[in-house]
Amino acid sequence: MRILLIASAYNSMTQRVHAELADRGHEVSVELALGDEVMRDGVRRYDPDLIIAPMLTRAIPADIWSAWPCFIVHPGPMGDRGPSSLDWAIMGGAGRWGVTVLQANAEMDAGDIWASVEFAMPGDSKSSTYRTEVADAAVEAVLLAVTRFTTGRYRPEPLDYSRTDVTGHCRPPCRQPDRKIDWAAEPTEGVLARLRAADSSPGVLDTIGGTEYYLFGGHREDELRGQPGTILARRNGAICRATADGAVWVPQLRRRPAPGGPKTFKLPATLALGAQLDGVPQVPAPLTLPPGPRTYRQISYRESGVVGYLEFSFPGGAMSTSQCRSLLAAYRHAQGRPVKVIVLGSPRDFFGNGIHLNVIQAAADPAAESWRNINAIDDLVHAILTNTGQLTVAALAGNAAAGGLMLALAADQVWCRSGAVLNPHYRLMGLHGSEYWTYTLPRRVGAAEAARLTHACPSLPIRRSGPASSTT
């Protein structure tokens, strides 16, 4: 079947749906929704049997959905409507949520329902939930809807709020006033919910030292305490800020741009604040930690029998010079332990996306910082490649791209979560890559395929299908 994906961006969700449909033999094309005329031209040119919108922030024109069947993938359970579905779910403490595939009509998110899949909320950030639980449910719902559509016999169900299984309702857009944190009164749970619901985008607008910043990400701190709103400590680029009954770690900030001024971008919180943190103590991050108080660590290590688990989680999957060096030090620590296997990876979500372009851009000398970052990640890869005393396993719990994916290939075995989306090339960033990929990639896929993956910029990402599996 000819399927056209219309999306506001070729993000992880669009990539995942694209790959899943193509794997099942469908002829799939993608049109970015850059405007109504662009959508119309794309639809006329491709003339699909079915249109699917995996991630769309604008309405499909009526002359399209009235002439072609159009399925909208909405990240909410049946009856949920509005552009801030996951934001409200996280801030409201929802235990279960869902994804619904509905047919586009004149009323936003109110069309006939083709499929709906529920899932348990993980209590994590919006971006992590979106790339994991939401993506899994969306694929299941899309494949079910497409199967039902191809039979020609299935009749979608009209939205009916009188039904007991229709649990959602229409919600307004979530604005910055809805996200505002009252540091003096808000308990830690409420602060975490607001921060996690704005993770990745749009952030929580707040004021630090008289300057407005958007805050991204939130992690609980069980031991540090202080005057609510006060910055208590810094660690791994994050700042620890006191709440009314505890404290939270905030890993990233973006300064609010001045009207008409240049755009700003996310940075590690400590880098964004700079001299404002003079006098704020640097609190070391323990590599190993017994069960008990919770805190923020980007890298941790634990053992089970003869297996050492070296876990890391960097915001957005980007790895700066200091993060690469810290991970290398942790890997050396694991090498010195009496373990036979080192499992390397994040407990969920991104494995890695390579060097930290934002930190490089913010550096006084971006070229020098880029060189330091490339050498730091290469040093890590070299240590893994030359470790002959232990088996190293890269465990990909989620997506990986560019240098992050090549880092994984340095391991003896690569275990990949079903549904993970892999983008091996660098060329769209204007880079040729490093991380010893000219040594590791051809050994796994052959020289011709390695050249195609890294130089041809294939439009279709690689999806790990089936159960979690390994390559050696």
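Here, each number is a calculation from the coordinates, and none is a lab measurement. Quick caveat: nothing in here was measured; it's all calculated off a predicted structure. So basically every Cβ, Gly included, is an ideal-geometry build from the backbone, and we count neighbours across all protein chains shown.
Summary of values
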| quantity | calculated |
| --- | --- |
| Cα gyration tensor shape for the stretch 177-256, rounded if a/c is under 1.5, else prolate or oblate | rounded |
| Computed label-point distance, nm, for sites GLU223 and LEU289 using a 7 Å Cα→Cβ extension | 0.9 |
| Cα centroid separation - the stretch 94-115 against the stretch 137-182, whole Å | 2 |
| Cα→Cβ-extended label distance, 7 Å offset, between SER304 and MET1, nm | 4.0 |
| Added length on full extension, which subtracts the Cα-Cα distance from 0.36 nm per residue, SER8 to ARG452 | 157.1 nm |
| Relative contact order (%) - criterion: Cα under 8 Å, at least six apart; region: the chain | 9 |
| Computed E for VAL38/ALA329 - FRET, C-beta separation, R0 56 angstrom, nearest 0.05 | 0.70 |
| Mean-position separation - Cα centroids, the stretch 242-276 and the stretch 288-346, in angstrom | 26 |
| Peptide ranges 250-257, 407-414 listed from the most packed, as the mean C-beta count within 10 angstrom indicates | 407-414, 250-257 |
| Ranked ARG302, ARG325, criterion: other C-beta atoms within 10 Å, fewest first | ARG302, ARG325 |
| Prolate/oblate/rounded label for the stretch 299-471 (Cα gyration tensor, a/c 1.5) | oblate |
| Residue order, fewest to most beta carbons within 10 Å, for ARG235, ARG337 | ARG337, ARG235 |
| GLU107 paired with THR147, simple spin-label distance in nm, labels 7 Å along Cα-to-beta-carbon | 3.0 |
| Shape category assigned to the stretch 225-317 from the gyration tensor of Cα positions, a/c cut at 1.5 | oblate |
| Footprinting exposure proxy for LEU224, LEU32 (fewest neighbouring C-beta atoms within 10 Å first) | LEU32, LEU224 |
| 19 Å reach of a label modelled at ALA59, 7 Å along Cα-to-Cβ, counting backbone N of the stretch 100-117 | 102-113 |
| Assigned charges on the beta-carbon of Lys, Arg, Asp, Glu; the chain dipole about Cα centre (debye) | 820 |
| Cleavage-rule hits, chymotrypsin sites (Phe, Trp or Tyr not before Pro), the stretch 107-189, DSSP coil, Cβ neighbours within 10 Å at most 12 | TYR161 |
| Fraction of antiparallel bridges per DSSP, the stretch 2-151 only, in percent to nearest 5 | 50 |
| For the stretch 393-416 versus the stretch 1-78, the gap between their alpha-carbon centres in whole angstrom | 30 |
